[in-house]
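One structure below.
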Amino acid sequence: MKRSVKKLLVAVTAVGAVLAVGLATTTVVDVVASESESHRIESYGQRVDIDGGQMNVFVSGAGETIVLLPGFGTSSPVLDFAPLVRDLATDHRVIVVEPFGYGLSDGTDRERTTENIVQEVHQALAKLDVDRYILMGHSIAGIYGIEYAARYREEVTAFVGIDSSVPGQPGMDAQFPTGLLSAAKNLGLLRLAAAAGEGYSDAYSAHSREQMKMLTNRNSISPTYLNEMTHIRTNFERALGTGFPKDLPLLLFVVSENAKNPEWLGLHQRQAASVADGTVVPLPGEHYLHHTHAAEIASGFRDWGTDRPVI
């Protein structure tokens with residue numbers, strides 16, 4: 001064997017050994033850290049029994065009821081929505097629902113179809129004796145909200161979207177690499193990615209950020225998370241051609257400039273135009289508008305509400 005080939009084999013073997021040791025290390029670190037974090041995650045809200053599992057909900061304030069639903073994969077909806085909840089709860093009753101697989105809620109073996117998710121959220125509200133409310137949702141909650149409003153129109157008085165998803169938006173026909181993501185999770189690589197941190201605004205304390213990171217490590221790429229990810233394509237397919245009831249008031253807070261989707265604002269303007277009372281409020285920023293614009297969302301909601309009769 002030529003000396004150059006031998007050197008190449010030695011180099012490849014050395015690199016492989018380093019990678020193997022590195023992956024073994026990240027795997028062990030993830031297991032140990034996950035065990036430690038399981039004792040440091042703080043409880044909040046209350047549990048309701050749904051289909052043999054426990055779903056976590058958080059209730060704050062008094063007045064007209066707002067039900068908040070998270071975007072896909074939000075590690076802790078209660079902590080994520082906290083700045084917005086603090087503002088809205090000064091004159092409303094605000095209920096944050098953490099669907100199965102989110103926050104402190106259990107996981108589930110039920111398929112994460114829009115139908116199942118909507119039914120489970122409704123069961124949770126029924127357990128709380130809540131039967132009249134405004135739905136307010138971020139991101140994919142816009143798709144779930146359409147199904148929800150169609151099923152329970154007599155309960156829903158309005159829908160408020162926070163950069164909410166719409167039927168027919170581009171990119172939702174992709175196949176997600178769930179197997180690869182699961183492997184990365186098991187090897188502890190996702191913990192490394194999460195360590196970089198998400199850009200929360202100053203409205204979140206260091207303690208809240210730490211709690212959200214730990215819940216991200218626990219909930220991301222869980223079986224329930226992966227199941228919902230697998231259903232994103234089919235859930236969007238089934239939503240094609242659907243919309244909110246024409247008599248349901250809509251208020252949509254939308255990112256004003258979406259570089260990846262120049263038609264983003266237009267899609268929401270058309271959605272608002274499809275109902276009798278639809279309003280779009282463009283805001284500068286990124287997808288998680290409630291991280292940086294909680295005050296503007298709460299104020300805009302109140303201003304809109306003063307002109308809207310309670311149905």
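Nothing in this text is a laboratory measurement; each read-out follows from the coordinates by a stated rule. Please read all numbers here as calculations on a predicted model, not as lab measurements. Quick reminder, even Gly has a Cβ in these numbers, built from the backbone with ideal geometry, and neighbours come from all protein chains shown.
For a Förster distance of 45 Å, can you work out the FRET efficiency between the beta-carbons of ASP129 and ALA259, rounded to the nearest 0.05?
Working: r = 45 Å, r/R0 = 0.99.
In this case the efficiency is close to 0.50.
The count of lysine pairs in the range 46-306 that are at least 8 places apart or cross chains, and whose C-alpha atoms lie under 29 Å apart, stands at 4. Taken along its principal axes, the alpha carbon cloud of the range 46-306 reaches lengths of 51, 38, 38 Å, longest axis first. In this simple spin-label model, placing a label point 7 Å from the Cα along the Cα-to-Cβ direction at both ALA150 and VAL59 gives a separation of 3.0 nm.
Beta carbons within 10 angstrom, averaged per residue: use that to sort the peptides 91-103, 265-277, highest first.
Numbers: 91-103: 24.6, 265-277: 16.5.
So the peptides 91-103, 265-277, ranked by packing, come out 91-103, 265-277.
The calculated FRET efficiency for ASP51 paired with THR230, based on their beta-carbon distance and R0 = 22 Å, is about 0.65. The stretch between ALA276 and LYS246 holds 10.2 nm of extra length on full extension. This uses 0.36 nm per residue minus the Cα-Cα distance.
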